[in-house]
Amino acid sequence: MITLNDYAPIVGDEVVGQLCRLAERLQGRRFVHINSTAVGGGVAEILSRAVPLLNQLGLETTWEVIMGDPAFFEVTKAFHNGLQGFKVHLTHAMLEHYRQVNRENARRFNWEADVVLVHDPQPATLIEEMRPQSRRWVWRCHVDASRPHLPVWRFLRGIVKHYDASVFSMSQFAQNLPHPQYLIRPSIDPLSEKNRSLTEEEIKAVLQRLGIERDKPIILQVSRFDSFKDPVGVIQAFRLVRRHTPCKLLLAGGEATDDPEGPQILAQVHEAAQGEPDIQVLLLPSDAHHEVNALQRAADIIVQKSTREGFGLTVTEAMWKGRPVIGGAVGGIVLQLRDYHTGFAVHSPEGCAFRIRYLLHRPEMARRMGLTAREYVRTQFLITRHIRDYLTLMILQDNPNSRLIQL
Amino acid sequence: MSNILDRTAENPFWFHECFLMAMPLGKKVVNLRELLEALLEVDESVLFYHLIQSRLALGQPGVEYPNDFALWAANALQDTKLAEKLSSFDPFEYHNLGLVRQAVVDILEEYLWDLPTVPWARSGFEFHFCQASVVVMHSLISANTLKDFCAALNRVGLDSIYYHFFEARWRLGELKGDDFSFWIETNFGLPELVTAIRDLDVYFYSLKEVRETLLGLIHQHLGELCDYSE
């Protein structure tokens with residue numbers, strides 16, 4: 001089992017020591033996380049690593065997953081798209097089904113907590129059924145809610161306003177709410193199967209197994225097949241690059257159990273890639289962390305050309321591997337990629353193609369940007385910083401009106 | 001000089017650790033006039049966040065402007081001239097945040113006065129206001145002598161440097177003050193060193209550079225015995 005001390009060689013002894021001292025103030029507190037998927041997607045990944053570490057630090061931390069039928073996930077996907085600005089239509093029946101599924105889940109749960117962190121809209125309405133089960137309720141929005149579709153936000157605001165606090169990934173996503181709002185950036189775990197160091201042999205073995213030759217520079221995008229990740233835009237960019245420079249494109253995508261749109265987008269990708277032998281579409285299972293790790297390390301350039309993005313952990317992962325990254329200039333990607341320093345943020349397939357060409361022709365610049373990016377991730381976006389933020393959030397929940405808390 | 005380095009302080013310096021949690025207000029402005037109007041109203045903690053605290057919240061490499069307002073002028077309004085004006089402004093020249101607020105307001109007002117149109121941010125690049133909550137606790141590191149102090153400065157996290165050197169100015173209500181120079185002054189005198197620390201042009205330094213500069217100053221004023229490593 002991975003322990004906190006295993007992180008010391010990566011982040012420094014002082015960082016681990018700080019976590020222990022902070023956690024001393026919170027011994028025995030009950031901290032419950034609730035989301036809607038146990039595997040697939042950034043939230044499940046973060047929780048799978050953070051929950052054991054919080055327990056090691058002495059907080060009684062549990063992770064609950066709500067269950068739902070396909071109709072429920074259709075509704076919550078509409079919430080997700082609506083929060084990201086799509087003009088979705090919600091009927092009374094859909095909203096009632098959403099509430100009904102959460103009521104059924106509430107009957108199944110028997111936890112009690114000092115603080116419960118409810119991730120995203122799927123389980124948000126649990127508060128209506130379970131308010132007395134936790135001293136403090138905090139809603140955690142992982143989605144790019146900078147320009148939500150008003151009817152969707154109006155409905156969710158009616159629920160979220162009952163919470164004691166909200167947490168967003170960026171200040172742009174914060175809303176007019178009657179309670180304190182906090183910023184917590186997501187994180188990656190440098191020791192997870194997806195991010196740990198790999199030997200060259202391990203990388204080669206994965207490439208061989210997936211049938212990928214390294215005969216040309218590899219451009220890679222790893223993401224769900226979701227319209228906001230713009231895989232078709234990546235193919236457009238790749239076709240522009242190919243006019244000038246030989247390279248190959250890998251589109252590697254996982255599936256999340258709460259995303260019903262995946263197959264439809266995948267079909268669009270196959271259609272766009274038709275007739276191009278240097279585009280490979282890899283449909284990976286949600287637990288293919290080792291394969292994703294190897295692909296990211298084998299890639300020459302990593303792209304995350306999202307048009308909306310809560311944060312973009314695939315960008316963080318790629319940066320941690322010292323790869324040069326080109327991302328869509330949206331959401332948390334802007335926070336991570338600073339032109340010419342830690343990567344490039346682009347606004348169009350043309351911009352993406354231009355930066356790919358730039359980096360293919362300037363390998364030294366690409367290497368330097370990769371190194372800067374890795375150091376930036378080390379200080380800002382590793383799980384140790386995330387744990388520190390969770391602990392700080394817990395302490396702030398004891399003193400919600402105080403801006404300076406001396407322990 | 002070696003005596004002063006080994007002399008025991010009347011009160012040891014206890015380093016504190018500082019955990020900052022940014023708190024967005026959910027309030028944004030889209031053009032320069034709205035920014036000016038909002039700056040007249042927001043709490044001083046908001047001003048402090050955007051001028052000083054944000055450097056601890058997210059230390060992005062290669063940022064060319066020292067505060068969020070200048071950065072916004074450059075990136076969102078695409079107005080480099082205004083960004084330059086807002087960068088040259090130094091909040092530590094003022095005794096309190098009330099005066100700092102007035103100074104920023106004056107810059108924006110004068111700038112707007114001569115403009116034929118109000119500069120607007122591109123969509124998605126609005127200015128979002130934040131403040132922060134700070135949790136502070138004792139570290140396990142203290143210093144009884146200046147020699148200990150130098151060694152400790154090398155060991156503590158950057159959050160401690162932030163707390164004692166930047167947050168202190170807010171806490172003490174005196175933007176010229178900081179915990180380090182105060183401790184040296186009250187325990188050892190050393191007016192030249194104290195003045196040198198207080199006169200540092202720290203606004204452009206990263207926290208790591210502040211640490212190195214402080215060690216360099218002590219080294220320079222007190223001689224070779226206070227060696228430091230980077």
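The values are calculated or read from the model by the stated rules, or taken from the named source; none is laboratory data. Bear in mind the structure is a predicted one, so any value in this text is a computation, not a measurement. Note that we place each Cβ from the backbone using ideal geometry, even for glycine, and neighbour counts take in every protein chain shown.
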Confirm whether B:R171 is under 17 Å from the mean Cα position of the chain (by Cα), within 13 Å of another protein chain (Cβ to nearest Cβ) and at pLDDT below 90. yes
Of the numbered conditions (1) in contact with a Pro (Cβ under 7 Å, 6 or more places away or on another chain); (2) outside any loop (DSSP other than H, G, I, E, B); (3) surrounded by fewer than 20 Cβ atoms within 10 Å (Cβ to Cβ), A:I46 satisfies every one except a single condition; which is it? (3)
What pairs come out if I take residues in the stretch A:3-30 that are within 9 Å of another protein chain (Cβ to nearest Cβ) and pair them with residues that are of a type in the set (D, E) and assigned to a strand (DSSP E or B) whose C-beta lies under 7 Å away, six or more apart or interchain? A:Q18/B:E17
On the basis of being of a type in the set (D, E, K, R) and under 30 Å from A:G85 (Cα atoms), does A:R378 make the cut? no
Of the conditions (1) within 14 Å of another protein chain (Cβ to nearest Cβ); (2) farther than 30 Å from B:H221 by Cβ, B:L108 fails just one. Which one is it? (1)
Mind listing just one residue for me: the one in the stretch B:152-195 that is aliphatic (A, V, I, L, M) and touching a residue at least 60 places away in the same chain (Cβ under 8 Å) and, of those, nearest to B:I4 (Cα to Cα)? B:L190
Residue that is closer than 17 Å to A:I356 by Cβ, surrounded by 14 or more Cβ atoms within 10 Å (Cβ to Cβ) and not assigned by TED's automatic domain parsing to the domain that holds A:Q122, where the choices are A:R243, A:R239: A:R239
Mind counting the residues in the stretch B:123-168 that are at the interface with another protein chain (Cβ under 9 Å from one of its Cβ atoms), over 23 Å from A:G17 (Cα atoms) and among the hydroxyl-bearing types (S, T, Y)? 1
If you check B:L146, B:L207, which single one turns out to be modelled with pLDDT under 90 and either farther than 26 Å from B:E10 by Cβ or not assigned by TED's automatic domain parsing to the domain that holds B:Y94 (or both)? B:L207
Cβ-Cβ below 8 Å, separation at least six or inter-chain, first residue in the stretch B:74-103 and closer than 15 Å to B:L40 by Cα and in contact (Cβ under 8 Å) with a residue 12 or more places away in the chain, second in a helix (DSSP H, G or I) and aliphatic (A, V, I, L, M): which pairs? B:L97/B:L47; B:V100/B:L47; B:V100/B:L51; B:R101/B:L39; B:R101/B:L40; B:R101/B:L47
Does A:Q221 fit the bill of being under 16 Å from A:I326 (Cβ atoms), at pLDDT 90 or above and touching a Pro at 6+ places or on another chain (Cβ under 6 Å)? no
Kindly provide the set of residues from the stretch B:3-27 that are crowded, with 19+ Cβ neighbours inside 10 Å and within 12 Å of another protein chain (Cβ to nearest Cβ), ordered by number. B:F15, B:H16, B:E17, B:C18, B:F19, B:L20, B:M21, B:A22, B:M23, B:P24, B:L25
Which residue out of A:Y340, A:Y390, A:Y358 is within 19 Å of A:I302 (Cβ to Cβ) and either buried (at least 18 other Cβ atoms within 10 Å of the Cβ) or modelled with pLDDT under 95 (or both)? A:Y340
In the stretch A:176-204, anything within 14 Å of chain B (Cβ to nearest Cβ), of a type in the set (S, T, N, Q) and buried (at least 20 other Cβ atoms within 10 Å of the Cβ) is listed as A:Q181, A:S187
Enumeration of residues in the stretch A:159-175 that are within 10 Å of chain B (Cβ to nearest Cβ) and out of contact with any helix residue (DSSP H, G or I) (no Cβ under 9 Å at 6 or more places or on another chain): A:F168, A:S171, A:A174
Checking the structure you have, find out if any residue of the stretch A:374-389 is in the same structural domain as A:L19 (by TED's automatic domain parsing) and over 18 Å from A:N195 (Cα atoms). yes
Just give me the residues in the stretch A:308-337 being within 12 Å of chain B (Cβ to nearest Cβ) and at pLDDT 95 or above, in sequence order. A:M319, A:G328
Here is a check on your reading of the model: is B:D106 modelled with pLDDT of 90 or more and either in the same structural domain as B:N31 (by TED's automatic domain parsing) or among the acidic types (D, E) (or both)? yes
Reported set for the stretch B:21-58 where residues are closer than 19 Å to B:G124 by Cβ, assigned to a helix (DSSP H, G or I) and aliphatic (A, V, I, L, M) is B:L32, B:L35, B:A38
A careful count of residues in the stretch A:138-158 that are aromatic (F, W, Y) and facing chain B (nearest Cβ under 10 Å) gives 0
Just need a number here: residues in the stretch A:1-38 that are in a strand (DSSP E or B) and buried (at least 19 other Cβ atoms within 10 Å of the Cβ). 5
Pairs please, first residue from the stretch A:66-83 and among the charged types (D, E, K, R), second anywhere and part of a loop (DSSP other than H, G, I, E, B), Cβ atoms under 8 Å, 6+ apart in sequence or on different chains. A:E74/A:P260; A:K77/A:D258; A:K77/A:D259; A:K77/A:P260; A:K77/A:E261
State yes or no: is A:G370 surrounded by 17 or more Cβ atoms within 10 Å (Cβ to Cβ) and modelled with pLDDT of 95 or more? yes
